[in-house]
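Q: So that we are looking at the same thing, I have put the structure below in structure tokens.
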Amino acid sequence: MQNGCRSARLLSVKKPALAAVLFVLLATCFASGQTQASNASYQTYKVGGDVTAPRPISTPIPAPPASVDKALKARMSFVVIPDGSVANVRLLTHSTSEFDDFAVAVVSKWKFEPATKAGNPVAVRLETEIRSHK
């Protein structure tokens, strides 16, 4: 990708008899330079140039709820804040309310090594898509 953004990473987790969940973490340049995450007093930066992308530490994707019986996907954006936790998760594309809630809850629990600018941790906005295949 341009502007120093890292290439997308593709990970998949297969759960027998439930679903294969596909996780695509896009370290895209989605952030607006002045957007702030909820309840925060820090700036949200754009990945690229002197801002390095955060690195996943813990991004588990459990099997979706048993009631999810068809292929679904939810795309969302989120902010990785300077302590490496996730804040301000926003749905960009919706599926069922149950699957949307599941996807937001999954992403909200992720942990990262934070993005940095000039060696200091900063907040950045990323996008991801959670899929369920039945």
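The values are calculated or read from the model by the stated rules, or taken from the named source; none is laboratory data. Since we're looking at a predicted model, the values are computed, not measured. Cβ: placed from backbone, ideal geometry, glycine included. Neighbour counts: every protein chain shown.
Q: Go through region 33-47 and give me each residue that's within 17 Å of Ser77 (Cα to Cα) and either surrounded by 12 or more Cβ atoms within 10 Å (Cβ to Cβ) or at pLDDT 95 or above (or both).
A: Those that are within 17 Å of Ser77 (Cα to Cα) and either surrounded by 12 or more Cβ atoms within 10 Å (Cβ to Cβ) or at pLDDT 95 or above (or both): Thr35, Gln36, Ala37, Ala40, Gln43, Thr44, Tyr45, Lys46, Val47.
Q: Just to be sure I understand the filter: pairs with C-beta atoms under 6 Å, separated by 6 or more residues or on different chains, first member in region 113-134 and at positive phi and at pLDDT 95 or above, second member of a type in the set (Lys, Arg) and not in a strand (DSSP E or B). Which pairs pass?
A: none
Q: Would you please name the residue that is nearest to Thr44 (Cα to Cα), looking only at residues in region 57-92 that are exposed (fewer than 15 other Cβ atoms within 10 Å of the Cβ) and at pLDDT below 95?
A: Pro60
Q: Name the residues in region 42-57 that are closer than 15 Å to Ala87 by Cα and not β-branched (Val, Ile, Thr), would you? Let's see the steps before the verdict.
A: Keep residues of region 42-57 that are closer than 15 Å to Ala87 by Cα, which gives 42-45, 54, 56.
Scanning region 42-57 gives Tyr42, Gln43, Tyr45, Pro54, Pro56.
Q: Anything in region 80-105 that is under 16 Å from Ser58 (Cβ atoms) and out of contact with any Phe, Trp or Tyr (no Cβ under 9 Å at 6 or more places or on another chain)? List them, or say none.
A: Result: Asp83, Ala105.
Q: Please determine, by comparing only the residues of region 93-112 that are small (Gly, Ala, Ser) and buried (at least 20 other Cβ atoms within 10 Å of the Cβ), which one is modelled with the highest pLDDT.
A: We begin by selecting, within region 93-112, every residue small (Gly, Ala, Ser); these are 95, 97, 103, 105, 108.
Of the ones still in play, those that are also buried (at least 20 other Cβ atoms within 10 Å of the Cβ) are 95, 103.
Values: Ser95: 92, Ala103: 95.
My answer is Ala103.
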